[in-house]
Amino acid sequence: MELNQYKQGDYHPGASLVKQLLWYFLGNFLVQTPLLPIPLLKVAILRLFGAKIGTRVNIKPHVKIKFPWRLTVGNYVWLGEKCWIDNLAAVSIESHVCISQGVYLCTGNHDWGKPSFDLITRPIHIATGCWIGANATIGPGVRVNEGAVLTLGSVAVQSLAAMTIYSGNPCQPVKKRKLT
């Protein structure tokens, strides 16, 4: 790598510098702080900064969101403590999804095959009824299909089939999920 040749291509954060600064120094603090334990206020702040968020979304303390204007969340979603939505590209989370504590959603990577270490971004989509276990990681371009489960500490670098439980690094299917 020759980082002096780094290229971010046509990437842009998606908001004006003023909006980015307001988010980093005010909005981000208010969403992350445990001093504001009311999820409705956190949802209101995220909406103010451009997030599209449904009803009855529960946001725990220390949730980190890079760019709220690139976040879409459905109804009845839980965002656990210390989850990090590193959304250089869009992240969409449908309804009835549990994102457990410490989960990392990463939409950006670099082209390690080029000396210029070019930035690559791809969206993440998590469909209805999924559960992402504590300290799991989901990489760029991954689609978690309806009802899938990613277990504790697992890493998803490719899309997950519907109603299937995945575990490991990289994650592998373990068994079909059956709801009773």
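Quick look at the values:
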| read-out | value |
| --- | --- |
| I45 surrounded by 13 or more Cβ atoms within 10 Å (Cβ to Cβ), among the β-branched types (V, I, T), over 26 Å from G129 (Cβ atoms) and at pLDDT 95 or above | yes |
| Which listed residue, of G133, G168, G102, G147, is in contact with a strand residue (DSSP E or B) (Cβ under 7 Å, 6 or more places away or on another chain) and not hydrophobic (A, V, I, L, M, F, W, C) | G133 |
| Residue list for the range 53-65, filter: under 18 Å from Y104 (Cα atoms) and either of a type in the set (S, T, N, Q) or surrounded by fewer than 20 Cβ atoms within 10 Å (Cβ to Cβ) (or both) | N58, K60, P61, H62, K64 |
| Condition check for I38: surrounded by fewer than 16 Cβ atoms within 10 Å (Cβ to Cβ), of a type in the set (V, I, T) and more than 23 Å from G153 (Cα to Cα) | yes |
| Every pair of residues 6+ apart whose Cβ atoms lie under 6 Å, when the first sits in the range 1-25 and is loosely packed, with under 11 Cβ neighbours inside 10 Å while the second is part of a loop (DSSP other than H, G, I, E, B) and not small (G, A, S) | E2/P115 |
| Some residue of the range 1-10 being under 24 Å from F117 (Cα atoms), aliphatic (A, V, I, L, M) and over 19 Å from the mean Cα position of the chain (by Cα) | yes |
| Selection from the range 102-113 of residues that are free of Cβ contacts under 8 Å to residues at least 60 places away in the same chain, part of a loop (DSSP other than H, G, I, E, B) and not aliphatic (A, V, I, L, M) | G102, T107, D111, G113 |
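The values are calculated or read from the model by the stated rules, or taken from the named source; none is laboratory data. These figures come from a predicted structure and were not determined experimentally. Cβ atoms come from the backbone with ideal geometry, glycine included; neighbour counts cover every protein chain shown.
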